[in-house]
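Here is the structure we will look at.
Derivation of every value follows stated rules applied to the coordinates shown; laboratory data play no part. If you're wondering where the values come from, they're calculated on a predicted model, not measured in any experiment. Here the Cβ is made from the backbone with ideal geometry for all residues, glycine too, and neighbour counts use every protein chain on show.
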Amino acid sequence: MTYLEQQDREEILSYDNEGRIVLESIYTPDELHFVVQELVEDYLGEKVLSGSEDRYDEEMKPRPPTFNDYSEIIGVLEMVKLALYRQMERQAEEIE
């Protein structure tokens with residue numbers, strides 16, 4: 001990914017007063033990559049800091065993400081990839 005200046009990042013993605021992500025238009029692959037990465041990191045942060053007991057270590061400190069957390073994310077990204085392939089296939093069939 002090409003480096004995006006902080007100002008560019010802030011124009012693409014910001015947070016509202018309640019901490020929810022606010023997205024603007026995405027025009028380049030670099031911007032898309034940045035947004036996906038931020039969404040994944042936000043998801044992991046929320047998952048790690050959620051209230052369930054298994055999210056904390058013995059000292060009740062939030063634990064780092066687990067293999068299963070990353071596995072969930074990779075599974076979702078794979079489903080998105082497959083959906084894009086199906087969409088491309090449908091479009092190709094419509095052209096023929």
In whole Hz, with x marking every Gly and Pro, tabulate ³J(HN,Hα) for the stretch 10-17 from phi via Karplus 6.51 cos²θ - 1.76 cosθ + 1.60, θ = phi - 60°.
5, 6, 7, 9, 9, 10, 7, 5
Ranked highest first by average number of other Cβ atoms within 10 Å, how do 25-38, 3-16 line up?
25-38, 3-16
Check which residues have an amide H placed less than 5 Å from residue 63's amide H, if you skip close sequence neighbours.
56, 57
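If you take the beta carbon distance between residue 88 and residue 25 as r and set R0 to 22 Å, what does 1/(1 + (r/R0)^6) give as a FRET efficiency, to the nearest 0.05? The partial results should precede the final answer.
Numbers: r = 22 Å, r/R0 = 1.02.
E between residue 88 and residue 25, to the nearest 0.05, is 0.45.
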